[in-house]
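Engineer: Below is the structure I would like to discuss, written out as structure tokens.
The values are calculated or read from the model by the stated rules, or taken from the named source; none is laboratory data. The structure presented is a predicted model; accordingly, all values stated were derived computationally and were not measured. FYI the Cβ positions are ideal-geometry reconstructions off the backbone, even for glycines, and counts take in every protein chain you see. Areas reflect the complete protein model, heavy atoms only, side chains present, ligands, DNA and RNA absent. Shrake-Rupley method; radii C 1.70, N 1.55, O 1.52, S 1.80 Å.
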Amino acid sequence: MTENMRSLRNFFLCKCLFALTFWNCVSLSVENELFTSVSNEDGSDKKIKSLPLLYTNSHQSKANFDWVVIQNTTESLSLSEITNDNVKKLVALLSNFRQGSRLQNLTLTNVSVDWNALIKIFQTVWHSSIEYFNINCVTQLRNIQRYHFDYSGTSMKAVTMKKVLITDLYFSQNDLYKIFANMNIAALTIAESEMIHMLCPLSDSPFRYLNFLKNDLTDLLFQNCDKLIHLETLILQNNKFESLSKVSFMTSRMKSLKYLDISSNLLSHGGADMQCQWAESLTELDLSSNQLMDAVFECLPVNIKKLNLQNNHITSVPKGMAELKSLKELNLASNRLADLPGCSGFTSLEFLNIEMNSVLTPSAVFFQSCPWVRELQAGHNPFKCSCELRDFIHLERLSGGKLFGWPAAYVCEYPEDLQGTQLKDFHLAELACNTVLLLVTALLLMLVLVAVVAFLCIYLDVLWYVRMTWQWTQAKRRAWHSHPEEQETILQFHAFISYSERDSLWVKNELIPNLEKGEGCVQLCQHERNFIPGKSIVENIINCIEKSYKSIFVLSPNFVQSEWCHYELYFAHHKLFSENSNSLILILLEPIPPYIIPARYHKLKALMAKRTYLEWPKERSKRALFWANLRAAISINLLMADGKRCGETD
């Protein structure tokens with residue numbers, strides 16, 4: 001090899017890491033005319049001139065046609081923008097990499113060719129030194145027809161196809177799928193391609209890895225297929241599977257299957273009436289993001305070691321389920337569980353994830369029933385900080401760090417006043433959670449309660465009510481002894497008016513003039529003109545109420561703030577019950593919001609709730625009716641001091 005050729009070695013030389021897929025390598029741009037060097041069978045270099053190579057790096061969108069040098073040490077090659085126009089040049093280039101060459105990894109991106117051209121590319125690659133073939137964004141795949149593919153003599157180990165778009169609407173599905181189903185390689189990936197089916201291989205397949213991520217596969221896949229005897233890993237994530245039972249029977253003939261990912265589908269299970277039969281070799285199963293409920297535990301592989309049931313609709317782990325003696329890892333995050341599951345069916349469980357469920361107070365006996373658990377992920381639940389939770393917190397301190405995410409992921413959700421508090425900072429006194437201490441304390445509280453009741457009696461003016469009742473009784477007694485011949489009090493007024501001083505303008509300008517100066521003879525009792533000097537206010541109130549046919553109460557927010565109005569209301573209410581009379585008239589001058597009525601005014605609340613009251617109308621046109629109703633309510637012929645009836649003349 002010449003010095004010039006050696007100096008170009010650094011332009012295109014990379015060794016990509018790969019598992020079952022592989023990545024783009026570095027690109028180059030060469031301005032001078034160069035030669036492409038490939039390895040002959042005898043080990044000498046053969047120079048090939050005039051090979052235009054379509055090549056871009058991962059940051060470009062358009063292809064550049066450059067002269068490049070490909071040394072016999074090159075292991076990885078990435079090409080893009082393959083079309084029907086340049087596919088022959090690509091095939092010619094790839095034909096030089098016979099088996100024994102160093103090139104092992106090939107990536108083609110943005111491939112827009114018809115069926116025959118794609119088959120030529122595959123067939124050429126199949127008989128080259130390439131072991132890992134990755135092809136992305138295949139479009140305009142037309143004219144699909146039957147082709148006898150030659151699988152013999154290949155170095156190929158893994159094929160990955162992503163984002164395949166078929167524009168041909170009329171073709172036999174079998175002509176397409178059998179090309180891939182019968183490939184004699186270890187790993188096949190067809191992802192994000194809207195694939196609706198895949199055939200069972202015609203003979204025992206060497207497939208050990210199949211990845212059909214993000215397609216449209218259904219329960220019909222690989223039913224009764226017994227040719228995938230070497231398959232160990234099967235990925236069916238993001239498809240359209242619905243029946244867990246059918247999926248289990250699909251795996252039953254895969255004698256070597258160890259890992260199955262069927263997450264993000266539409267899986268459900270009908271319960272005991274649906275039988276399940278899994279591959280006995282299956283040890284890891286991903287059923288996350290489906291529609292599974294509690295019945296899923298009746299349809300699980302008996303030898304499973306790692307089970308993912310995250311993001312389903314599971315509310316509990318049924319008791320009496322079949323034992324999963326080999327299960328070591330169980331993921332139940334993002335379900336609807338209300339408590340930690342026991343380990344009666346998982347005797348070997350070591351890792352449990354129950355995050356983001358509905359666990360309020362996790363059971364404190366979990367680690368007793370699950371002695372082999374080394375790590376519990378129970379954070380991000382709506383914990384209710386209570387006595388029951390206190391035992392769980394205490395258990396964490398004794399568990400030796402088995403709670404994953406502690407303390408940040410463990411936060412109180414209820415009660416509201418503790419929302420956001422970390423469980424490690426939640427503390428309850430022993431008294432709050434100890435029943436015996438609570439009973440003793442309750443007895444002591446009873447004694448305190450007696451003292452409190454006595455205090456409340458003073459605070460709520462119970463003595464005032466007793467005193468008022470006593471004064472009422474005394475006034476009645478004095479009246480009886482002063483005039484024993486009179487069996488009933490002589491009425492002197494049509495009505496006694498009770499109102500707040502702040503409402504006096506309305507009483508003096510509206511109420512009194514309209515009643516006393518209107519039609520008929522109406523005598524109103526008003527404290528300013530009818531209270532007797534020398535007597536106490538309480539005695540005057542009692543006298544006026546006793547000598548009045550009715551008691552008119554002018555209700556407003558001002559009324560409920562007046563202490564004397566309270567007295568007057570109390571005595572009038574007392575008369576209402578003692579004499580069984582209908583003597584109260586309520587006038588609502590202004591609306592009274594219930595929340596401003598003091599607790600002591602329970603009588604007023606009761607009266608407003610049970611009795612009809614007159615509401616002062618704001619419209620003048622309605623006031624005539626108001627006064628007429630009020631006069632009718634207090635209408636009575638009173639006997640005056642001169643022996644005449646009110647309104648009588650000589």
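Engineer: Note down all Cβ pairs under 7 Å where the first residue falls in the stretch 82-93 and is small (Gly, Ala, Ser), the second is surrounded by 15 or more Cβ atoms within 10 Å (Cβ to Cβ) and at pLDDT 90 or above, and they're at least six residues apart or on different chains.
Structural biologist: Pairs found: none.
Engineer: How many of the residues making up the stretch 101-133 are outside any helix (DSSP H, G or I) and open to solvent by 10 Å² or more (accessible area, probe 1.4 Å)?
Structural biologist: 10
Yes or no, residue by residue, for (1) in contact with a Leu (Cβ under 9 Å, 6 or more places away or on another chain); (2) under 20 Å from Met183 (Cα atoms); (3) modelled with pLDDT of 90 or more:
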| position | (1), (2), (3) |
| --- | --- |
| Leu53 | yes, no, no |
| Ser58 | no, no, no |
| Val68 | yes, no, no |
| Leu77 | yes, no, yes |
| Thr109 | yes, no, yes |
| Trp115 | yes, yes, yes |
| Leu118 | yes, yes, yes |
| Thr124 | yes, yes, yes |
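Engineer: Now for a different question. Go through the stretch 158-204 residue by residue and tally those that are in contact with a strand residue (DSSP E or B) (Cβ under 9 Å, 6 or more places away or on another chain) and polar (S, T, N, Q).
Structural biologist: Number of matching residues: 4.
Engineer: Does Arg397 satisfy the condition of being of a type in the set (Lys, Arg), surrounded by fewer than 17 Cβ atoms within 10 Å (Cβ to Cβ) and either touching a Ser or Thr at 6+ places or on another chain (Cβ under 9 Å) or touching a residue at least 24 places away in the same chain (Cβ under 8 Å) (or both)?
Structural biologist: Here the answer is no, as Arg397 does not meet what is asked.
For every residue, the table says whether it meets (1) modelled with pLDDT under 95; (2) over 27 Å from Tyr151 (Cα atoms); (3) outside any loop (DSSP other than H, G, I, E, B); (4) not assigned by the TED database to the domain that holds Val138.
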residue: Thr218; (1), (2), (3), (4): no, yes, no, yes
residue: His230; (1), (2), (3), (4): no, no, no, yes
residue: Val247; (1), (2), (3), (4): no, yes, yes, yes
residue: Ser263; (1), (2), (3), (4): no, yes, no, yes
residue: Gly271; (1), (2), (3), (4): yes, yes, no, yes
residue: Met274; (1), (2), (3), (4): yes, yes, no, yes
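Engineer: Return the residues of the stretch 147-183 that are aromatic (Phe, Trp, Tyr) and touching a residue at least 24 places away in the same chain (Cβ under 8 Å); say none if nothing qualifies.
Structural biologist: Tyr147, Phe149, Tyr151, Phe171
Engineer: Within the stretch 272-281, is even one residue closer than 30 Å to Met356 by Cα and open to solvent by less than 10 Å² (accessible area, probe 1.4 Å)?
Structural biologist: Looking through the stretch 272-281, none of the residues is closer than 30 Å to Met356 by Cα and open to solvent by less than 10 Å² (accessible area, probe 1.4 Å).
Engineer: If you scan the stretch 199-222, which residues turn out to be under 31 Å from the mean Cα position of the chain (by Cα) and on the phi > 0 side of the Ramachandran plot?
Structural biologist: Result: Lys214, single match.
Engineer: Just wondering, is there one or more residues in the stretch 612-621 that are buried (at least 16 other Cβ atoms within 10 Å of the Cβ) and at pLDDT 75 or above?
Structural biologist: Scanning the stretch 612-621, I find at least one residue that is buried (at least 16 other Cβ atoms within 10 Å of the Cβ) and at pLDDT 75 or above, so the answer is yes.
Engineer: In the stretch 200-212, which residues are open to solvent by less than 40 Å² (accessible area, probe 1.4 Å) and part of a loop (DSSP other than H, G, I, E, B)?
Structural biologist: Once the filter is applied, which keeps residues that are open to solvent by less than 40 Å² (accessible area, probe 1.4 Å) and part of a loop (DSSP other than H, G, I, E, B), the stretch 200-212 yields Pro201, Ser205, Phe207, Phe212.
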